Amino acid sequence: MTATLAIIRREWAAYFRTPVGWAVLGLFLALQGLVFWMFVQFLARPDAPPGGVMEFFFGGTILYWIALALLVTVLPMRLLAEERRSGTIEPLLTAPVAPIEVVLGKWLGAFGFFAASWAPTLLYVVRMAQVSEVDWRVVGASYLGVFAVGAGYLAIGTMTSERSSVMPMPRARNGQARSKIAALKKTWRICSTASASRRSASRSSARTRPPAGTAPGKRPRPA
């Protein structure tokens, strides 16, 4: 457990020591801020569809999956592939640390940065609570779902990083680039399919919902 905690702290600090980590964090928060502002402006219109801002923010559109894919495809790619490229994987594996502790520590370090990236978005919820009523149980469940989905995708990314790290050295750099592109495409397809299924279910629910003022089980009379 001590070795796992040390690896978690090492990976956590590595994201904040490199410009790439700050660039990913800044791009993610800028995208989330823009999306939140767009939903507030859109739902403030008189002809806006029913639904709340946070409902659209947490998976209501493809924009959520784009932001999620940005994190879960970039964060885990360096976990093991970078260790082998820089030559630090051998001292790590020869240390008195089990392989499961290495993998678990690196995955938890990436997940910690993922959770920290979502933490500033709580300010959006606080702002919504100041101007309207917010169901905190739904918000908590939404964040729990975000973390669960992110943890699963980060596990896939960690496995992809390990697979790319075992390539021969002459082709390692090109192979790692191809692996990152392939992982991005795969994650994009998964996210797009999930978002499309959610939108289809929402449209089906809206079509089967009776008009306002109509008693359940009765159809409105034709004009």
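Working out 0.36 nm times the residue gap between Arg10 and Ile100, then minus their Cα-Cα distance, what length gain in nm do you get to one decimal?
Taking 0.36 nm per residue and subtracting the Cα distance, the gain is 30.8 nm.
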* To do: Just grab the label-to-label distance for Phe147 and Leu34, each label 7 Å out from Cα along the Cβ direction, in nm (one decimal).
  => 2.9 nm
* Asked: Going by how many other beta carbons lie within 10 Å of each one, how would you line up Ser142, Ser161, fewest first?
  -> Ser142, Ser161
* Asked: If each residue's Cβ is checked for other Cβ atoms within 10 Å, how do Leu29, Leu80, Leu108 rank with the fewest at the top?
  -> Leu29, Leu108, Leu80
* Work out, in µm²/s and without decimals, the Stokes-Einstein translational diffusion coefficient of region 1-50 at 25 °C, 0.890 mPa s, Rh from Kirkwood over C-alpha pairs. => 178 µm²/s
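A short reminder: the numbers here are calculations on the coordinates, not readings from a lab. Owing to the predicted nature of the structure, the values given are computational and were not obtained by experimental measurement. No Cβ is skipped: glycine too gets one built from the backbone with ideal geometry, and neighbour counts run over all protein chains shown.
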